[in-house]
1. Near the amide H of SER131, under 5 Å away, which other amide H atoms are found, from residues 5 or more places off or on another chain, if H is placed in the peptide plane?
2. Quick one: which residues, 5+ away or cross-chain, put their amide H under 5 Å from the amide H of LYS86? H built at 1.01 Å from N.
3. Might you tell me the accessible area per residue for region 1-133, computed with a 1.4 Å probe and given in Å²?
4. Starting from the Cα of LYS3, step 7 Å along the direction of its Cβ; do the same at LYS39; then give the gap between the two resulting points in nm.
5. Please give the calculated 222 nm ellipticity per residue for the chain, where each DSSP H segment of at least 4 residues contributes -39500 (n - 2.57) and the sum is spread over every residue; nearest 500 deg cm²/dmol?
6. Over the residues of region 1-83, compute the C-alpha Rg and express it relative to 2.2 N^0.38 Å.
7. Would you mind working out the magnitude of the charge dipole of the chain relative to its Cα centre, with +1 at each Lys and Arg C-beta and -1 at each Asp and Glu C-beta, to the nearest 20 Debye?
8. Show me, for region 52-63, the HN-Hα J-couplings you get by feeding each phi into the Karplus relation (A = 6.51, B = -1.76, C = 1.60, θ = phi - 60°), rounded to Hz, glycine and proline as x.
Amino acid sequence: MEKFNELVDNNKYQVFIMYCPAYFPFNFFRHPWIVINKKGEIPRWEIRHFINRENKTYFFINNQKPFEGINKTIFIKSKWRFSLLKLVEDDIAMRMISFIENTEKSYPYCNNYYFDGPNSNTYLQWILNNSPELKIKLSWRFIGKNYKI
């Protein structure tokens, strides 16, 4: 985690696209989330497989620490190691942040979650579709990325 904290620049706008393995026994698939840095304000945005009690959807802000993998299983609290898919900064990051901050209202599948989509990977692909300059192609391990958006 220290290496990610070193990447955080409190004088910049940044978007960290993070991922880790999904819950065992599906750990060959990936679970993504977005970490935003708005000059020191650092929330985590994601879709999870369970309902958020606050908003009654699958959408979460700050369900976990920004740079922390999900639990390896539902029953064991040990966390997966996580990876950085992409770090975006400055003007592109500012535009992405504006888009991401509206996703709770604009993402069409906040009330739906299925293994093969829509899911957390559908959410990430939706964000990437709105940021084509990043040219990120998710691997097959991001099951749900191809769900129609």
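The values are calculated or read from the model by the stated rules, or taken from the named source; none is laboratory data. Worth saying up front: this structure is predicted, and the values here are computed from it rather than measured. Cβ atoms come from the backbone with ideal geometry, glycine included; neighbour counts cover every protein chain shown. In case anyone asks, the SASA skips ligands and DNA or RNA and just uses the protein heavy atoms, side chains included. Shrake-Rupley method; radii C 1.70, N 1.55, O 1.52, S 1.80 Å.
1. none
2. Those lying under 5 Å, H to H, from LYS86 are ILE17.
3. Value returned for region 1-133: 54 Å² of accessible area per residue.
4. 3.0
5. Calculated from helices alone, the mean residue ellipticity at 222 nm is -5500 deg cm²/dmol.
6. Region 1-83 yields a ratio of 1.13.
7. 500
8. So the Karplus estimates, Gly and Pro as x, are 7, 5, 6, 10, 6, 10, 8, 8, 10, 10, 6, 5 Hz.
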